[in-house]
Amino acid sequence: MKSIKIIAICAFSASSMASCVTVKEYQKNRINDSEMELAARKAEKFETSFYLYREGASGANGGKSGGGCGCN
Amino acid sequence: MKKTIITIGLYASFLSCAFAQNTTKYLFKKNTSSALKLAPKEAKSSEENVGILKTLKLEEVNLVSSYYQQDGNNSAVTGGIGTEKLFDIANSLDIKLSFTDKKARKHSLNTDFSVDYYSSASSDMIDPRSISSASKQDTHFYPSISWSMKNDKKHQTVGANFSYSTEWDYQSFGGNLNFSKSSKDNNTEVSLKVGAFFDTWELILPVEFRTNSGDRNGSFKPRNSYNVSLGVSQIINKRLQLMAVIEPAYQEGLLSTPYHRVYFKDGTAKVEKLPGTRFKLPVGLRGSYFLGDRFIIRGFYRYYQDDWNMKAHTVSVEVPIKITSFVSVTPHYRFNSQSAVKYFSPYKTHLTSESYYSSDYDISGFKSAFWGAGVRIAPPDGVLGIKHWNTAELRYGHYNRSNGMVANIITLSAKFK
């Protein structure tokens, strides 16, 4: 089961990279849309904070990965 | 109260500084003649300063306010039973300034002031003898300042951040250094961040475990956290971009909460005890896809595991729908599933022979869902016709956990440019 997962992840990554095309600056009007940003939005700031207190998992989401507060 | 007044004062002074940039330009223009009277070297330096200050620009000001409330029946303060009722009012002011130096590098300076005021029914049970103990309510103040320098010629950015946090029983100093490098076509970016927090936790024990009669015994314990974050982002095509992040973190010191009670099977009670180290390994994948002309699909997945035997999967999806070119509605959904740490057991099920014990349901095994929607407006003439009020967003979310805890959060954010 584990090996199937690894193969699926590798296949997905390979197909994603294979479909990469060079996107010129003038073609980035959609990519540069403020809603397309690859980060949590400002309005999510306090949601990210409460996950830190109410859940055990943290990090890799733009928020803290531990420390800086009396949280998990 | 004192902290609140200081915070409001700092907010006001920073706002006045930020919006006074035009005045600064005017003053320097008027004083140019006096700068020329200085010695040549000093005069050159002054001219450079004038140049920098002339390009000092207020990029944006963000205000975010939220109200959060929760309820449940598994408070760790009372050993895994009892009310978890809590509310939190949070406010944040974020000011971003920038200037371009003589080597055409763009410097950004970001200051953030955040304040939470909260009231917690379970914290009041640390000392249930008092009608309303000091622990019942508190103000959490956490400012931060960050700087970054972007060099477009070299396609790289370097930066640093410093943060401070203080609340009733907790104090923290944190910092990080970051570096990112993008490809010549700016379609690929690799980023690295190295950070640390140096925290101090005051040992405030539940009343029955205190050796003195006071609220506090003046004993402090450190908690240090170190993390490294490595990220790669890639523009796949004109509509799709992806980012992968791995962020290992290591913590040492007091990792248990001193006022959490644990009741054992034989009826005895102690305060929570957890190991003095914890290694965490989260891996995240984020993507955004522009579907047609009106829909954007934003997705996030994270796998997490640590050496306390917790494993977790988190998935979130939100779909901003552009109703018009300046109004969008965003439904969102997030699902989280986590296994319990090996030191967790519910109320009166721990054995006294165990080395570590906790009845904190935040690190128990559960599934949670968070869902809701947001409305965002960004009219070309400004919100309510106010030219500098660029964007307003209202967002609501409902959170529920499989162990019965529920929470609601409503957030209002405003961006001024």
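Where a number appears in this text, it was derived from the coordinates with a stated rule and is not lab data. Nothing here was measured: the structure is a model prediction, and the numbers come from that model. No Cβ is skipped: glycine too gets one built from the backbone with ideal geometry, and neighbour counts run over all protein chains shown.
A Förster radius of 35 Å, combined with the Cβ-Cβ distance separating B:Ser402 from B:Asp307, puts the computed FRET efficiency at roughly 0.90. May I ask for the distance between the Cα centers of the stretch B:368-417 and the stretch B:164-205, given as a whole number of Å? Here the answer is 25 Å between Cα centres. Approximating the spin labels as points 7 Å out from Cα along Cα→Cβ, the B:Gln156-to-B:Arg210 distance works out to 5.5 nm. Ignoring aspartates and glutamates fewer than eight residues from B:Lys193 along the same chain, the ones with Cα atoms less than 13 angstrom from its Cα are B:Glu247. Each residue of the stretch B:66-78 is assigned a 3J(HN,Hα), and the resulting list reads 9, 10, 10, 9, 9, 8, x, 10, 10, 5, 6, 5, 9 Hz, derived from the Karplus form 6.51 cos²θ - 1.76 cosθ + 1.60 (θ = phi - 60°), x at Gly and Pro. Annotation for B:Ala244 and B:Phe179: the two label points, set 7 Å from Cα along the Cα-Cβ direction, are 2.2 nm apart.
Take each residue of peptide B:237-249, count the partner chain Cβ atoms within 10 Å of its Cβ, and average: the result is 5. Amide H neighbours of B:Lys85 under 5 Å, counting only residues 5+ apart in sequence or on other chains, H built in-plane at 1.01 Å? Counting only residues 5 or more places away or on other chains, the set is B:Gly72, B:Ala121, B:Ser122. Note on B:Lys221: aspartates and glutamates with a C-alpha under 12 Å away, same-chain residues under 8 apart excluded, are B:Asp169, B:Asp199, B:Glu202, B:Glu252. Taking each residue as 0.36 nm, the span from B:Lys106 to B:Val232 lengthens on full extension beyond its C-alpha to C-alpha distance by 43.1 nm. Checked against a 31 Å cut-off, the cross-linked pairs B:Lys181/B:Lys387; B:Lys85/B:Lys270; B:Lys280/B:Lys417; A:Lys24/B:Lys280; A:Lys24/B:Lys367 give Cα-Cα distances beyond that limit for B:Lys181/B:Lys387; B:Lys280/B:Lys417; A:Lys24/B:Lys280; A:Lys24/B:Lys367.
A Förster radius of 22 Å, combined with the Cβ-Cβ distance separating B:Ala269 from B:Lys342, puts the computed FRET efficiency at roughly 0.55.
Counting 0.36 nm for each residue step from B:Ser65 to B:Tyr117 and taking away their Cα separation leaves a gain of 17.6 nm. Modelled spin labels at B:Leu56 and B:Phe295, positioned 7 Å past Cα toward Cβ, are 4.8 nm from each other. Backbone geometry of the stretch B:151-156 corresponds, through the Karplus equation with coefficients 6.51, -1.76 and 1.60 at θ = phi - 60°, to 3J(HN,Hα) couplings of 10, 5, 5, 8, 6, 9 Hz, x marking Gly and Pro. Sorting B:His350, B:His140, B:His388 by the number of Cβ atoms found within 10 Å of their own Cβ, with the fewest placed first, yields B:His388, B:His140, B:His350.
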